[in-house]
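See below for the structure under consideration.
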Amino acid sequence: MRELPVTDVQAAVRGLFLQINRRVSPDIEAAMRRALERETSPAARYVLTQLTDNYAAAAETGLPLCQDTGMAVCFLTVGQDVHFTGGSLTQAVEQGVRDAYIEGCFRKSIVSDPLFDRVNTGDNTPAVIHLSLVPGESVRILAMAKGFGSENMSRVFMLPPAAGEEGVLDAVVTAVREAGPNPCPPVIVGVGIGGDFETAPLMAKRATARPIGVHHPDARYAALEEKALERINRSMIGAAGIGGLTTALWVSAEYAPTHIAGMPVAVCICCHASRHAETVL
Amino acid sequence: MIRDLTLPLHKPAALPLRAGDLVTLSGVLYTARDAAHKRLINLLREGKPLPFPLKDQVIYYVGPSPAPAGLPIGSAGPTTSYRMDSYTPELLSLGLGGMIGKGRRSPEVIEAMRRYGAVYFGATGGAAALLARSVLSCEVIAFPDLGPEAVRRLTVERFPAIVLIDSMGNNLYEIGPAACTRRAER
Ligand code: SF4
């Protein structure tokens, strides 16, 4: 049994959100620079140049990369031999988010009631927290700041098993095509295949945090990722949706066992400002 | 080639612009997004004056992040425009000269743009820290209770933008990808 003060979790969450809102991970920055290098359309180059210059602007000013600093999402993978001390784990995560968004001068974008009041909570909480228990005594925190320009374009398709690989590819390409310019392409696409109505989107969202260039370990799913990326980029939607060679930077797929009668497919679209980082306590 | 335009956007400058033109904008513009649009339309319904003039002015769909000490504004990139579509034709009919945002517009908005000679500009979504550098000053002029959604008057200098839909209804979201596809097939 390992004792872990919740204040450690709070500090880690605060640090992660301060970091990700100001800096994308090196794999994304490199992919964006490659997209600029190979682009031939002058308008798309105008856009991609601004986006790569934006990294330096954020670093020099401390401003967030995007004014939509998103909804704070935390995947907590907790070793079952950890005992949290000194208070509530959930409240510690919330406090970490609150600290980061206030200290970082990030936009507070959360309203308490989705339908009637829509009153801003003022500190970007509550966060979305996904908890899973695993053997061991470490705690892994994956933090994501999800902007809603791209979240609004994410989709769930409850496909029949007979839809097969073509059905999955179709779902992915349809989601990206219909989203067009709205989610700020170039996008990163997470695909969750199988599970059920709520686990497919969870897999898809998590998949958007996989580093660019890392394929699924199963060769069949890796090939599916390649095919999906190729088909998406054939659409020529391009950066900002104004026409160009790079519509998506990467496609990551995850799968899970499912029911004999179904094949849920979730497509989580994440903008180029894909802000996520992980730490282990 | 990049064209430098001055705001407000008078008709002789607006009408020759074509979808795909790369521009910079300098001068005064006003910010408004979802909640502010709703309030502007409510003011019109009640016959009350608007907090800023519409004639030839440009509205930027943005909800900036808070300004840290020493900077006029926080990060300030565009939000997705379709959520303003139901309000836009009425504002265009009252003289609004243009909008800056990102994403597609409804056929009703495009029709009103053609009728009244307005232009829809795209700013780069996610280039928000860079775009903030083009903002020289920022002042909340209405609805301060709306926080990031309050109406602000911005003075901008060489703010980079692209003409997405021109006053003839040409739409870069259609023309751009189609042109790239043709080029790839050649
Ligand atoms: S979709 Fe992403 S890059 Fe675009 S405005 Fe939203 S958070 Fe920013």
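At a probe radius of 1.4 angstrom, the accessible area of chain A per residue rounds to 41 square angstrom. Potential lengthening of the chain between A:E29 and A:V119 amounts to 28.9 nm, from the contour at 0.36 nm per residue minus the alpha-carbon distance. Per-residue mean of foreign Cβ neighbours for A:40-50 is 5 (Cβ atoms of other chains, 10 Å radius).
Sequence-distant contacts, meaning Cα pairs under 8 Å at least 6 residues apart, place the relative contact order of chain A at 26 percent. Among the chymotrypsin sites (Phe, Trp or Tyr not before Pro) found in region A:188-281, those both in a DSSP coil and sparsely packed, with 15 or fewer other Cβ atoms within 10 Å of their Cβ, are A:F197. Taking 4.7 Å between C-beta atoms as the pairing limit, the protein assembly as shown has these partnerless cysteines: A:C66, A:C74, A:C105, A:C268, A:C270, B:C138, B:C180. Scalar couplings 3J(HN,Hα) for region B:64-74, obtained by applying the Karplus form with A = 6.51, B = -1.76, C = 1.60 to θ = phi - 60°, are x, 6, x, 7, x, 3, x, 10, x, 7, x Hz; x denotes Gly and Pro. Taking 17 Å as the cut-off, the amide N atoms of region A:241-281 that come nearer than this to a point 7 Å along the Cα-to-beta-carbon line of A:Q19 belong to A:274-281. Projecting the Cα atoms of A:A100, A:S25, A:V73 onto the charge dipole of chain A, computed from C-beta unit charges around the Cα centre, puts A:S25 farthest toward the positive end.
In the protein assembly as shown, the calculated helix contribution to ellipticity at 222 nm averages -10500 deg cm²/dmol per residue, counting -39,500 (n - 2.57) for every DSSP H run with n ≥ 4.
Estimated from the Cβ-Cβ distance and a Förster radius of 22 angstrom, the FRET efficiency linking A:D196 and A:E165 is about 0.65.
A cut-off under 13 angstrom between Cβ atoms defines the neighbours of B:G74, and their net charge, with Lys, Arg +1 and Asp, Glu -1, is +4. Taking chymotrypsin sites (Phe, Trp or Tyr not before Pro) across region A:89-160, the ones in a DSSP loop with at most 14 further Cβ atoms lying within 10 angstrom of their Cβ are A:F116. Between helix B:107-116 and chain B there is an angle of about 80 degrees, using the helix long axis and the longest principal axis of the Cα atoms. Of the trypsin sites (Lys or Arg not before Pro) found in region A:87-136, the ones in coil according to DSSP and having at most 13 other Cβ atoms within 10 Å of their Cβ are A:R118. Calculated FRET efficiency, B:L50 and A:E103, Cβ-Cβ r, R0 45 Å, to nearest 0.05? Using R0 = 45 Å, I get an efficiency of 0.80.
About the centre of its Cα atoms, region B:2-185 shows a dipole size close to 80 debye [charges on the beta carbon of Lys, Arg (+1) and Asp, Glu (-1) only; nearest 20 debye]. Note on region A:149-274: with charges restricted to the Cβ of Lys and Arg (+1) and Asp and Glu (-1), its dipole about the Cα centre is near 240 debye. The alpha-carbon of A:K227 sits under 20 angstrom from the alpha-carbons of these lysines, leaving out residues fewer than 8 places away in its chain: A:K205.
The values are calculated or read from the model by the stated rules, or taken from the named source; none is laboratory data. Note that the coordinates shown come from a computational prediction; the quantities given were computed from them, not determined experimentally. We place every Cβ from the backbone using ideal geometry, glycine too, and count neighbours over all the protein chains shown. To get the accessible areas, we keep the full protein, side chains included, count just its heavy atoms, and leave off ligands, DNA and RNA. Shrake-Rupley method; radii C 1.70, N 1.55, O 1.52, S 1.80 Å.
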